Amino acid sequence: MIAVQDTELILCSVCIANYQGIALIDECIDSVYRQAIDFNIEIIVHDDASSDGSAAHIRAKYPFVRVIESHENVGYCIANNRMAAMATGRYLLLLNNDAMLLPGALDVLRSEAGRIAGPAILTLPQYDALSGELLDIGSRLDPFLNAVPNRNCTLTDVGMVAGACLWIDRRLWNQIGGFPEWFGSLAEDLFLCCRARLAGYPVRAVAQSGYRHHVGAQFGGGKMRGGRLSTTFRRRALTERNKTFVMVMTYPSLLMPIMLSLHLMLLLIEGAVLSFVKWKRTYLKEIYLPVFVGLLRCRKELQTGRGASMRKRRLSCISFFAVFDPLPYKLRMMFKYGLPEIK
């Protein structure tokens, strides 16, 4: 990696959100620093009030890293917004502290960004850090905004890319306004990609190089264990709520009321079934009912967000849904693996 001397020469700002990541952060930063590239980058780490000594460790071992040390836990959205505001690069690469770039990753992203005529959101193939299994090359979406992993290397235009490794032109980031800070965490990458696509900008996965990811290490859950999806109540609750927020803010007007009503009805049914089968009201109470509460509490933010999305819309309804699969992904997963394990 070329050492940065002049901020005007920085092409990419690598932004790493860190919380309690002292066991993983070295591997993450080293994977960036060891990239063989002929352009300048900077590395910014936002430490989200970790109690494991992460911030001091990073400052001591990596003096070239710019560290933002938060005195309170503010969540993933605010952390990335702060780093983006400090960044000086033309492009941002959002990278989880539990993700590690493979050799050639930055060069592949830079080359693809240069090939595209205009701003875009890009990602690389995602591999499980422990097994080496290919998890996805970006994701398609189902009608209810569940991510459907794409493993087709010829399918480059996707519905969303994971925030664990997300490359975006800083002009596009500023146009969208970054992540909605009232999301807290989860589904912010879905929001960013849907907003970008609505405005007519590509969301693309490049089937070269890649990154390894300890899925769930940062937030808990979200991965397959013993042939079943294992997740947590908190992760599932935030995911369901924030996906619903994205639907309200980005779905084309003709379909939004219909799809939202169907979506909410199915969430209630899903919560009731899980509560009955597991014989715990916790499922309905802690995961599904908070979606309705969230819609009421955040109605002003949702109205403002939808207005901004629709004003900048350049994509037709047909084009917007071109990266969607018609069959609900949860249904497919249930038939294949059974009900999820939620802890």
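Between the stretch 79-127 and the stretch 232-289, the alpha-carbon centres lie 31 Å apart. Its Cα centre serving as origin, the chain has a Cβ charge dipole (Lys and Arg +1, Asp and Glu -1) of approximately 1400 debye.
Relative contact order of the stretch 223-342: what whole-number percent is it, with Cα pairs under 8 angstrom and at least 6 residues apart? Intermediate results must be reported in sequence, preceding the final value.
Numbers: 79 pairs, mean separation 51.3, N = 120.
Value for the stretch 223-342: 43 percent.
Just to be sure I understand the curve: with the Debye formula and one point per C-alpha of the stretch 245-305, what is log10 I(q)/I(0) at q = 0.20, 0.24 Å⁻¹? For the requested q values the scattering log ratios are -0.79, -0.97. Annotation: the antiparallel percentage among DSSP beta bridges lying fully within the chain is about 40.
Packing-wise, with mean Cβ within 10 Å as the measure, how do 255-262, 45-52, 240-247 rank, highest first?
Numbers: 255-262: 13.5, 45-52: 20.5, 240-247: 23.4.
The most tightly packed comes first, giving 240-247, 45-52, 255-262.
The distance between label points at THR154 and ALA36 comes to 3.0 nm (points 7 Å beyond Cα on the Cα→Cβ vector). Taken along the Cα-to-beta-carbon direction at a fixed 7 Å, the label points for ARG311 and HIS71 span 3.5 nm.
The ranking of THR282, THR231 by Cβ neighbour count inside 10 Å, starting from the fewest, reads THR282, THR231. Dipole orientation for the chain: of the candidates LEU284, CYS77, ILE342, LEU284 has the Cα lying most toward the positive pole (charges on Cβ; Lys, Arg +1; Asp, Glu -1). Full extension of the chain between ARG332 and LEU260 yields a length gain of 23.9 nm, computed as 0.36 nm times the residue separation minus the alpha carbon distance. With coordinates expressed along the principal axes, the C-alpha atoms belonging to the chain extend over 59, 43, 38 Å, beginning with the largest. Of the residues MET333, ASN242, ILE258, the one whose Cα sits farthest toward the positive end of the charge dipole of the stretch 223-342, with +1 on the Cβ of Lys and Arg and -1 on the Cβ of Asp and Glu, is ASN242.
Fewest first, what order do ILE44, ILE10, ILE121, ILE37 take by the number of other Cβ atoms within 10 Å?
ILE37, ILE10, ILE44, ILE121
Per-residue ellipticity at 222 nm, computed for the chain from helices alone with -39500 (n - 2.57) per DSSP H run of at least four residues, works out to -12000 deg cm²/dmol. Each of HIS57, HIS71, HIS213 has some number of other Cβ atoms within 10 Å of its Cβ, and from fewest to most they run HIS71, HIS57, HIS213. For ILE68, the amide hydrogen comes within under 5 Å of the amide hydrogens of VAL45, HIS46, ASP47, counting only partners 5 or more places away or on other chains and with H modelled in the peptide plane.
Quick note: the coordinates plus some simple rules give every number you see, no bench work behind them. If you're wondering where the values come from, they're calculated on a predicted model, not measured in any experiment. Virtual Cβ from ideal backbone geometry, glycine too; neighbours counted across all protein chains shown.
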